[in-house]
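Scroll down for the structure; my scribbles are underneath it.
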Amino acid sequence: MFRFAKLDKAPVFFHVKNMTTEGAASAVIHAVHSLDAEATIKVDLPMRRVEIDPKVAEPSAIRDAICGAGFSALRQWPSERAYLWQ
């Protein structure tokens, strides 16, 4: 019998253009947590960047949840992976 380790989902990053206040950041966090209650979320408000370490949600569903809360979300890649796209 084989046992497979459960792989964690990779972190996802979004630029949320119209997230300019702490209230907006709180709304984004709430939108993501309503989809994935165990997700870890880091917000960089001056850069309007959100880093999400999801437990169950897929990136497209996270983007849809952020957009559903009234924000525009554009997926970004972490800087250490940016070289792949050059």
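The values are calculated or read from the model by the stated rules, or taken from the named source; none is laboratory data. Note that the structure is a prediction, hence the values are computed from the model and not measured. Heads up, the Cβs are rebuilt from the backbone with ideal geometry, glycines too, and the neighbour counts pull from every protein chain shown.
In region 27-39, what residues are closer than 17 Å to residue 60 by Cβ, touching a residue at least 24 places away in the same chain (Cβ under 8 Å) and either surrounded by fewer than 14 Cβ atoms within 10 Å (Cβ to Cβ) or not acidic (Asp, Glu) (or both)?
Matches in region 27-39: 28, 31, 32, 34, 35.
Out of region 56-79, which residues are of a type in the set (D, E, K, R), over 9 Å from the mean Cα position of the chain (by Cα) and modelled with pLDDT under 95?
Within region 56-79, just 58 meets the criteria.
Can you report the number of residues in region 40-60 which are surrounded by 14 or more Cβ atoms within 10 Å (Cβ to Cβ), out of contact with any His (no Cβ under 9 Å at 6 or more places or on another chain) and among the hydrophobic types (A, V, I, L, M, F, W, C)?
4
Filter region 9-26 for residues that are of a type in the set (Lys, Arg) and surrounded by 15 or more Cβ atoms within 10 Å (Cβ to Cβ) and give the result.
If the condition is that a residue be of a type in the set (Lys, Arg) and surrounded by 15 or more Cβ atoms within 10 Å (Cβ to Cβ), then 9 is the only one that fits.
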